[in-house]
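One structure below.
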Amino acid sequence: MDLDLDEPTRRFRDEAREWLAAHVPRSPLPSFDTAEGFAAHREWEAELADARWSVVSWPREYGGRDASLLEWVLFEEEYYAAGAPGRVNQNGIFMLAPTLFSHGTPEQLARILPKMARSEEVWAQAWSEPEAGSDIAALRSTATPADGGWLLNGQKTWSSRAAFADRAFGLFRSEPGSTRHHGLTYLMADLRAPGVTVRPIPQLDGEPGFAEIFFDDVFVPDEDVIGTPGNGWRVAMTTANNERGLSLRSPGRFLSAADRLVSLWSSAGRPEATAARVADAWIGARAYQLYTFGTVTRLASGAELGPESSINKLFWSHLDVALHETALDLLGPAAELRGPWADGWLFSLAGPIYGGTDQIQRTIVAERLLGLPKGDR
Amino acid sequence: MRFAPSAEQEAFAASLDALLSTLDCDTATRAWAGGDHGPGLKIWRRLADQGVTALTTPSHRGGLSEEDGTGATTVDAVLAFEVLGRFCPPGPWTDSAVLPCLLDDEILASTAAGETLVSLAFPPHLPFALDADIADARFLVDVASLRGFTPGAHLASLDSSRRLFVPVPGDELGPALDPARAFDLGALLTAAQLLGAGRRLLEMSVEHAGQRRQYGREIGRFQAIKHLLAEVVTALELARPLLHGAAVTADPADVSAAKVACGDAAHLAARTALQVHGAIGYTAEHPLGLRLTRVRALTTAWGTPAVHRHRVLAAIAP
């Protein structure tokens, strides 16, 4: 058992570190949930892509570096440690792209991925519906066969990035009368196509990070179906645990947040009242980092990621909230002022909700990992 | 980077697990608490035959640890102590294991062979000496020097199988070799036992929840139970990499992080196990209590959580 990096891996990390030190914007970009910020983030993504740092784990032909999973984890550590901007296209890069790698056609990969790598096309996720939150199997939006494609109807909601994004991906019910996991199709749609109405929804921070998407006879060509029609649930589930996503959260962001918290605590005069919580935030981030190294090792030796990714999510969602609560308590009365910590706290509160609520994750862990008998939800 | 136990290490841990599961540790632990050391010492010797007492001793003193790193490593010791934590056999396992950090003497050979039991006092973090009455050798770490001691008053631990004594300092024996490393190793091996005990408590809870019926169904079908146990497995799964990481890096901040996280996770496992078992778990005859009290005792042994959190902060915010 060791934590040593081999020479090529160390060179990769050092190269990333040097590039980021030279290129990360000096002052933070405005939120990508504003029109101005969205444009600024597209520029940043193009700069990243020009230097092949936007999608390091992808094959070179699509703009990546063929980086290993370990290299990806290390890149993410460097990325957040450098204070680089959040990824405006994270839905595309971390959710849609792994799905395409598993189920997409060569044509789809060639058509979609290079633009995604440069964020020329930014993707929104269209999972949730008013009647179906974490319970995706209850969704009701429909896809009806049409000449050369499908007509979409219905409503998606709480769609992250949809206010400014170009395209969206999600599940639609394509077999009338089907229930639950059956008869669903995984489709991609142009958010500017005729029949699409996007209504932004301000989030707790006041910015339109969400939107409702209304589909009214929106045509989608057959080439934008991922996998086979009716098999959308399996397409969605086989990639839900995808290793490159690592549940969408690499350890890097928590390590860098914990480091900033430690600095905040030091500069506040190391108050004893919050000492234990500051220590626990660092311990949690270090635990998650090492846990990820263990996961990377197992995947590298051929194991597949299963329901333990729910453990990831339970852990980091709790850690992120606790870490930011500690920072706000340290700031005292100034905590309520808008700024990086207040914004980070607001963002952290979404963690236990999205990607399947933490209640759902606990049930998954108990039934699939611990083997407890299935019961009422 | 390969951050996972090797096949050999896993096989070693599995063989210890298989051996201990045949040895009826619970009965030995209860006998030990009552002052009958016979069954416990039998387990000690069986494990010594498997090399457990030699893992941290250098080969030139009859142990399994090699200077060049080819022999037993701290990782091996941690894996073995996780198994000890699962079964909670009685005796001063940690005290004996850290001795090679404190002196380089022929006594190490008989300790490695399992013939010598060592009791250690290490104030202020380890002010009471475990099993000092039956230990064959007793050492007190007095800042940077090593003394002998004699057992004074017997103190009752909330874990009745931990027989504690006030150390009465004796003659100075010389300088202590590396007290800082001894403390780190003691904290690490204690963390390993905590993790092992926590995992066993979780397994007992899962087993019980799958069998015990209330309101016409297994209680494991209830979401209230499922969600408690999901929290436990999450805490334990994220504590283990800290433990193994600290065994690899030997970094004091990592050691302290592991001690805090393993203690917290094991404590959560113990409290949850009791809640899931209900009244049966609160009885002295049920094996749950042996682990619940062991976990609470080990949480403050070899550095309290507060001490270790401060060590973490001292390292990361100097």
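What to note about this one:
- Mean projected area (nm²) of the alpha-carbon convex hull when chain A is viewed from all directions: 19.9
- Relative to the longest principal axis of the Cα atoms of chain A, the long axis of helix A:35-50 lies at roughly 80 degrees.
- Under 5 Å from the amide H of B:S65 lie the amide H atoms of B:T57, B:S59, B:A72, each residue being 5 or more positions distant or on a separate chain, with H modelled from the backbone and absent for Pro and chain starts.
- Cα long-axis angle, helix A:275-300 against chain A (0 to 90 degrees, to the nearest 10): 50
- As a length-normalised measure over Cα pairs under 8 Å and 6 or more apart, the relative contact order of region B:153-290 settles at 27 percent.
- Computed 3J(HN,Hα) for region B:289-304, one whole-Hz value per residue from the Karplus formula 6.51 cos²θ - 1.76 cosθ + 1.60 where θ = phi - 60°, is x, 4, 7, 4, 6, 5, 4, 5, 5, 6, 4, 9, 6, 6, x, 5, glycine and proline marked x.
- Shape call, region A:105-263: gyration tensor on alpha carbons, a/c limit 1.5: prolate
- Evaluated at q = 0.13, 0.15, 0.21 Å⁻¹, the base-10 log of the normalised Debye intensity for region B:167-318, with identical point scatterers placed on the Cα atoms, takes the values -0.64, -0.79, -1.18.
- Taking a straight line from the alpha carbon of A:K313, these lysines sit under 30 Å away, with near neighbours fewer than eight places off in the same chain left out: A:K115, A:K156, A:K374, B:K226, B:K259.
- Taking 10 °C and 1.306 mPa s as conditions, the protein assembly as shown diffuses translationally at an estimated 58 µm²/s according to Stokes-Einstein applied to its Kirkwood radius (Cα pairs).
- Taking other residues whose beta carbon is less than 9 angstrom from the beta carbon of B:M1, and scoring Lys, Arg as +1 and Asp, Glu as -1, yields -2.
- The residues B:T22, A:T185, when put in order of fewest to most other Cβ atoms within 10 Å, stand as B:T22, A:T185.
- Stokes-Einstein diffusion of region A:281-323 at 25 °C, 0.890 mPa s viscosity, Kirkwood radius from Cα pairs, rounded to a whole number: 223 µm²/s.
- Each residue of region A:309-321 was assigned a 3J(HN,Hα) from its phi angle through the Karplus curve 6.51 cos²θ - 1.76 cosθ + 1.60 (θ = phi - 60°); the sequence is 5, 5, 5, 3, 5, 4, 5, 6, 5, 5, 4, 5, 5 Hz, with glycine and proline shown as x.
- Gain on full extension, evaluated as 0.36 nm per residue between A:R298 and A:T197 minus their Cα-Cα distance, stands at 31.9 nm.
- All other residues whose Cβ lies under 14 angstrom from that of B:R45 are scored, Lys and Arg at +1 and Asp and Glu at -1, for a net of -1.
- One quarter of the convex hull surface built on the alpha carbon atoms of region A:251-291 amounts to 2.4 nm², the projected area averaged over directions.
- Approximate shape of region A:17-155 as ellipsoid semi-axes (Cα gyration tensor, √5λ), whole Å, largest first: 30, 19, 14
- Between B:E285 and B:D104, the FRET efficiency from the beta-carbon distance, with R0 = 45 Å, is close to 0.50.
- Global geometry of chain B, whether rounded, prolate or oblate, following the gyration tensor of its Cα atoms and the 1.5 cut on a/c: prolate
- Taking Cβ atoms as reference points and 12 Å as the exclusive limit, the residues near B:P175 contribute a net charge of -3, counting Lys and Arg as +1 and Asp and Glu as -1.
- For the pair region A:264-341 and region B:12-57, the centres of their Cα atoms are 38 angstrom apart.
A short reminder: the numbers here are calculations on the coordinates, not readings from a lab. Predicted, not measured: the structure shown is a model, and the values here were computed from it. Cβ sites come from the backbone with ideal geometry, for glycine too, and all protein chains shown count toward neighbours.
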